1. For the pairs Lys74/Lys190; Lys279/Lys423; Lys74/Lys423; Lys184/Lys245, note any where the Cα-Cα span goes beyond 27 Å.
2. Under the 0.36 nm per residue contour assumption, what length would be gained going from the current alpha-carbon distance of Glu100 and Gln62 to full extension?
3. Any idea what the relative contact order of the stretch 94-199 is, in percent, if you count C-alpha pairs under 8 Å spaced at least 6 apart?
4. Rounded to the nearest 20 debye, what is the charge dipole size of the stretch 69-225 about its Cα centre when +1 sits on each Lys and Arg Cβ and -1 on each Asp and Glu Cβ?
5. Between Leu173 and Arg133, take the C-beta separation as r, use R0 = 25 Å, and let me know the FRET efficiency to the nearest 0.05.
6. Between Ser82 and Gln353, what is the label-point separation in nm under the 7 Å Cα-to-beta-carbon projection?
7. Please say if the stretch 236-466 is rounded, prolate or oblate, where rounded means a/c under 1.5 for a ≥ b ≥ c the square roots of the C-alpha gyration tensor eigenvalues, and otherwise the choice is prolate for a/b larger than b/c and oblate otherwise?
8. From the P(r) of the stretch 69-225, could you give the percentage of C-alpha pairs in the tail past 21 Å?
Amino acid sequence: MHAALAWEHGVLGELNFPVAEDADIVVGTNWRRRSRPLAFAASLVLLIGLVWQVGLPVMRKQAWVSQPVIGTVKRSSGGQLSVSGIGVRLAVGDSIRKGEYELTGGLSQLVFENKVEILIEAPARFRIDSAQRLALFEGRLSAVVPPEGFGITVVTPNAEVVDLGTEFGVEVLAAEYSEIHVFKGEVEVKPREHSIEAVRLLTDQATRLDDNSGSPSGIAIAPDRFLRQLNEPRLLYSKRIHDLKPAAYYRMRPSDDGLTLIDVAGGDYHGHIELGSMKRSPFAPGRHGNALRLPGPASEVHAIVPDYPKATNHVLSVVAWVRADSRSRWASIAKNWAPDKEGQFHFGLLHDQGGLEVQISQPDGRSVQAMDPESFPLGEWQHVAFVADGAQLRLYRNGMQVGSVPYPGLAPPDLKPLGIGAKPAGVDQKRVRGPSEFWHGRIDELAIFNHAIDAKTIRQLFETEFRDGFRVDEAQLREVGLVNGRGRPGQRADRRRR
């Protein structure tokens, strides 16, 4: 209105209108003045948050370090052990203190000041309160308790396990159950619900407590689920294998990195373990000490030896202890064989029939096969072997010959890799194929010889019991220097042990 009148009377130029930019400047200046305290407060909150985020782990670490030492990390096999909440990774020789821990991979063996040894298998979460008390939230452990550790207690979500001089295992599946297995001695299991009566377990007894009822229920003991040692025991069986001078020998001792399959024959023809989709350690209790754990085609766990000494004189022998949990198609024990090229031998189960079989490749490229007419037993350790003696290919199971076929000779050693628990990769019809024909079960004490082993020796190997947990004839032990004439460890064995 004023603008219209001014225009009409010719005085528009004399009017002063406020400039919009100046108004914005005024408003902006006032806003900045008012927002400075808010910005300062926000920055202060952010700074406090950063200090808290960085400083809290430092304070927790200082608190953990200030705790007295309870024990040490004795051994590890691919173990990824850390102190929860502070980012401290522990290696062999590091101290163990009061606190919460997490094992995300492999195996870790702890030894406490009271000489109690705890072997923990990942994945696991646990808390150590003292050398006499720890809590297992999730995972699997085995304990060896000497007299100095009598009374050590393992707490689970629904029970307290009190040692009374024993070797035992505990497994906790979070929000489902706890299991206690006694391998030797005695433990008392006290349910967390005080109205439920405690139960005492003796050697070869086990119980389960589910999270719903909390009441113990007797179950079959399962020693094959709990790894109890990381060292391979000194055995008469392994002594006899060494005496036969193997070209390669895999005792399945857990390696430090958890991924190396160690050749103990002396040639260092080590293998590499492919874990596939498996989260657990590839090592498990075996027929003699430890074994290679192979869950089958679903996980594709296997080992590959890039190269090993091949037979050059047309004779070859392979022996092993194996356990099959199912008969997967063409399941592999050990194969120097690929999709595009036949190597020297193909040892495992026959297609879908599931009997033990072996194939060897001849110089003309054709193969011959010996097989067991019976299906391979499931869930039982079996001693398996084959011998190509230059004229006859013989197949053995549990010391008995189960198949035989003549052959004119052995193919030259043109294929390098050896697959253990699977057939190695190769090219099939111009397509690259990965490892296949996976074993489902376990393989232990695999030995390869570039000479023929006679039937009597195969039988003796099968009948040889191992020292830990089984009776062994003392005359046999004296023969190899493992005991002296009074039935105690001899000096020869002691010298070798050092």
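1. Values: Lys74/Lys190 30 Å; Lys279/Lys423 22 Å; Lys74/Lys423 36 Å; Lys184/Lys245 36 Å.
From the list (Lys74/Lys190; Lys279/Lys423; Lys74/Lys423; Lys184/Lys245), the Cα-Cα distance tops 27 Å for Lys74/Lys190; Lys74/Lys423; Lys184/Lys245.
2. Working: separation 38, 0.36 × 38 = 13.68 nm, distance 1.43 nm.
Working it through step by step, the gained length comes to 12.2 nm.
3. Working: 258 pairs, mean separation 19.8, N = 106.
It rounds to 19 percent for the stretch 94-199.
4. On the way: 16 positive and 23 negative charges, 98 e Å.
That gives the stretch 69-225 a dipole magnitude of about 480 debye.
5. Values: r = 22 Å, r/R0 = 0.87.
In this case the efficiency is close to 0.70.
6. Result for the modelled spin labels: 5.2 nm.
7. Values: a/c = 1.28, a/b = 1.07, b/c = 1.20.
Judged from the Cα gyration tensor, the stretch 236-466 comes out rounded (a/c under 1.5).
8. 40
We did not get these values from a lab; they are worked out from the coordinates using the rules stated. Fair warning: this is a prediction, and the values are worked out from it, not measured in the lab. When we count neighbours, we look across all protein chains shown, and the Cβ atoms used for this are built from the backbone with ideal geometry, even at glycine.
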